[in-house]
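The values are calculated or read from the model by the stated rules, or taken from the named source; none is laboratory data. Every value quoted in this text rests on a predicted model; they were computed, and no experiment measured them. FYI the Cβ positions are ideal-geometry reconstructions off the backbone, even for glycines, and counts take in every protein chain you see.
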Amino acid sequence: MPVLTSEAVVLRTWPVHEADLVVSFFTRDYGRLKGIAKSALKSRKRFGGALEPMTLARAFFAERPRQELVRLDHLEIVRSPLAGPVDAVLLTVLSFYAELVDEALPEHDPQDAVFRLLVSVLEQTTQSNPWMPLTYFMLWMTRLMGLLPDLAHCIVCGEGLHAEAAWFNSYSDGLFCAVHRNASAAALSPDSWQLAQTIQRAPVASFATEAWPRRRGQDLRRFTLQTLERHLERKLKSAEALARLGG
């Protein structure tokens, strides 16, 4: 079996047998894969700390005939988000990235735009700055999954929206004008509406120097989460954990 290699981000792991792990990992070249890492709990030489969620690594693996799981030979760490200070919020944000990618993307389907998005937000996700990259990631994942209508116009009548008059609800994608919002609609704050426009035109690094307290973009995150969960047809456990942390 030829050994394949690709940049990859570790998503999740599950123990099997005595020392083996099943690993879900997202590769740039082959999409999301699941593999068996033999003796991973014993072999620090082959895996070390590379199996921590959201670790960016160079993965070496082989596809096995008529087998669902690839054989994951070893990982070479490129960068780990756990190399710096860590707290509960940071760990939960990283868990959200992992859960959403793992649930939203089919296996064996390369998604270069999503891979580049994930790597770029991981570079910005730190204990001191978790909310900005999380907001950016949620909006862009909604867009890359084809779930984000034009946020500059009402999805019912097509009239142009502005920062002081845009609403969303949990039953529909997109935003509504004052005429077509329903009784359960929530207003998107002016700052969040402007952010949504800017995020779609700028790289995540351009927001790195901005002040971004927890409450900034909170309603934008709620809007995108409702859309994502509606189309996934399930609640994300990491999103529930973020809500308990005030996110």
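The table below lists the values:
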read-out	value
Selection status of residue 147, assigned to a loop (DSSP other than H, G, I, E, B), closer than 17 Å to residue 224 by Cα and under 19 Å from the mean Cα position of the chain (by Cα)	yes
Residue within the stretch 4-15 that is buried (at least 21 other Cβ atoms within 10 Å of the Cβ) and without any contact (Cβ under 8 Å) to a residue 60 or more places away in the chain present	no
Set 55, 27, 92: member being more than 17 Å from residue 115 (Cα to Cα) and modelled with pLDDT of 95 or more	92
Verdict on residue 166 being small (Gly, Ala, Ser), free of Cβ contacts under 8 Å to residues at least 40 places away in the same chain and crowded, with 21+ Cβ neighbours inside 10 Å	yes
Boolean, residue 84 is more than 18 Å from the chain's Cα centre (by Cα), part of a loop (DSSP other than H, G, I, E, B), of a type in the set (Gly, Ala, Ser) and farther than 21 Å from residue 21 by Cα	yes
In the stretch 5-22, residue nearest to the chain's Cα centre (by Cα) [restricted to those that are more than 15 Å from residue 60 (Cα to Cα) and not aliphatic (A, V, I, L, M)]	12
Single condition residue 141 does not satisfy, out of (1) in a helix (DSSP H, G or I); (2) among the hydrophobic types (A, V, I, L, M, F, W, C); (3) under 18 Å from residue 89 (Cβ atoms)	(3)
Lone qualifier among 184, 206 - being assigned by TED's automatic domain parsing to the domain that holds residue 142 and either of a type in the set (Phe, Trp, Tyr) or assigned to a helix (DSSP H, G or I) (or both)	206
Scan of the stretch 35-51 for residues that are surrounded by fewer than 18 Cβ atoms within 10 Å (Cβ to Cβ) and either modelled with pLDDT of 90 or more or among the aliphatic types (A, V, I, L, M) (or both), ordered by number	41
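Conditions tested, residue by residue: (1) farther than 15 Å from residue 242 by Cβ; (2) touching a Cys at 6+ places or on another chain (Cβ under 6 Å); (3) of a type in the set (D, E, K, R); (4) surrounded by fewer than 20 Cβ atoms within 10 Å (Cβ to Cβ).
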site: 190; (1), (2), (3), (4): yes, no, no, yes
site: 203; (1), (2), (3), (4): yes, no, no, yes
site: 206; (1), (2), (3), (4): yes, no, no, yes
site: 211; (1), (2), (3), (4): yes, no, no, yes
site: 215; (1), (2), (3), (4): no, no, yes, yes
site: 227; (1), (2), (3), (4): yes, no, no, no
